[in-house]
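In what follows, a single structure is set out as C-alpha cells and then discussed.
The values are calculated or read from the model by the stated rules, or taken from the named source; none is laboratory data. These numbers come from a predicted model, not from an experiment. Note that each Cβ is placed from the backbone with ideal geometry, even for glycine, and that neighbours are counted across all protein chains shown.
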Amino acid sequence: MKRFTTIVLFLVMVIAAVEVVLPKVVSDAAAQGLRDLTGSKQATARVDKIPALFMLDGNFDRVTADVSEVKTEKITVRNMHISLRDVKVDMQSLLTSRKLVLEQVKDAELTATIGQEELAAFLNNSVKGVKNAVVTITPEKIQVTSALTVGGFARVDVRLEGRIVSDRENRRISFVAERFWLNNTPVGNIGGSLLTEVPLMDLKKMPFNVNVRDVVMEQGQVIIYTDNRI
C-alpha cells in the first residue's frame, strides 16, 4: 500500500510539473514561430490547453500573442495583437525548429496599430519625390506635410489631408488623400497623382486569412481590426 501511494504521489508530481512547464515551453516556441511568421522584431505568446498534456498532439484551445514592429510588404506595423482559437499546428516543427505551421485556425482576430512615425517613414521611403514627410493623425483626419521634388529640380511644398480606408473586397488597406495644398494654395483633388491613394497593407499576403472589420483613427495612431469571420 505504501509503495502504491508513493507511485501515485510521484505521478501526481509529474503531471503537475507538466502542467506548469509544458505551457511555458510551447508558448516560448510559439512566440519564436510568430516572430518569424510575421517578420516582427519582438513577440510574446501564450498557449492554452486544458489539460496542458494534450498540447503534445498540436491542438490548442487558444493562442494569444503581441508582436511589435511587424514588417509587412509595404508598411511597418507598430504593434499587432493576435488571438487564435481552436488551433491545430505541426507540433514536431514547433518543438524541434520553433517553426509555427498552422494547420487549422477556427477563429482569428488581429488588431494592428500604425503610428504617425510609421506612416511618415513609409511615405518617405515609398512615394517617389517625397522627402521629410511629417504625419499628424487625429480622430477626424490624417494630415501630411512634405516637400515634393518634381522633375528632379523643382521643389513644391505639399500639404494634404486624408484618411485610412479599407477595401474589403480586395482585402487591402490604403491611405486616401482628399484635400491638397501646393505651396499653401488649395488645389482640390489632383487626379492621377501618386498621392491620391497609397496602398499600405495587403491582407492576402499576411499569414492569417483575415478580413478588415473596422479602421479607427485615434490621436497619433490608426487601429485596424480584422478577423476571419464571414
Subset of the range 35-50, residues outside any loop (DSSP other than H, G, I, E, B) and among the charged types (D, E, K, R), comes to Arg35, Asp36, Arg46, Asp48
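I'd like the full set of residues that are in a loop (DSSP other than H, G, I, E, B) and touching a strand residue (DSSP E or B) at 6+ places or on another chain (Cβ under 6 Å), limited to the range 197-230. It would help to see each step written out before you state the result.
Filtering the range 197-230 for residues in a loop (DSSP other than H, G, I, E, B) gives 206-210, 219-220, 228-230.
Selection gives Phe208, Val210, Gly220, Asn228.
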The lone condition Thr149 fails out of (1) modelled with pLDDT under 80; (2) among the polar types (S, T, N, Q); (3) in contact with an Asp or Glu (Cβ under 7 Å, 6 or more places away or on another chain) is (3)
message: Among the residues that make up the range 88-98, is at least one of them crowded, with 17+ Cβ neighbours inside 10 Å, closer than 29 Å to Val215 by Cα and either outside the structural domain of Val210 (by TED's automatic domain parsing) or over 18 Å from the mean Cα position of the chain (by Cα) (or both)?
response: no
Arg155 meets each of (1) under 31 Å from the mean Cα position of the chain (by Cα); (2) at pLDDT below 80; (3) among the charged types (D, E, K, R) with one exception, condition (1)
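Within the range 125-144, can you find the residues that are part of a strand (DSSP E or B) and under 23 Å from Ile223 (Cβ atoms)?
Going residue by residue through the range 125-144, those that are part of a strand (DSSP E or B) are 130-137, 142-144.
Passing the criteria: Ala133, Val134, Val135, Thr136, Ile137, Ile142, Gln143, Val144.
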When the range 165-189 is checked residue by residue, the ones that are of a type in the set (Asp, Glu) and surrounded by 11 or more Cβ atoms within 10 Å (Cβ to Cβ) are Asp167, Glu178
Among (1) touching a strand residue (DSSP E or B) at 6+ places or on another chain (Cβ under 9 Å); (2) within 17 Å of Phe208 (Cβ to Cβ), Leu123 falls short only on (2)
By residue number, the members of the range 99-128 that are closer than 19 Å to Asp202 by Cβ and loosely packed, with under 15 Cβ neighbours inside 10 Å are Asn125, Ser126
All conditions in (1) free of Cβ contacts under 8 Å to residues at least 12 places away in the same chain; (2) more than 22 Å from Pro186 (Cβ to Cβ); (3) assigned to a strand (DSSP E or B) are true of Glu109 except (1)
Given the conditions (1) surrounded by 18 or more Cβ atoms within 10 Å (Cβ to Cβ); (2) in the same structural domain as Val222 (by TED's automatic domain parsing), every one holds for Val47 apart from (2)
Residue count, the range 158-179, condition farther than 16 Å from Thr138 by Cα, of a type in the set (D, E, K, R) and assigned to a strand (DSSP E or B), comes to 2
**Request:** May I ask you to verify whether Ala31 is closer than 23 Å to Gly115 by Cβ, at pLDDT below 95 and in a strand (DSSP E or B)?
**Result:** no
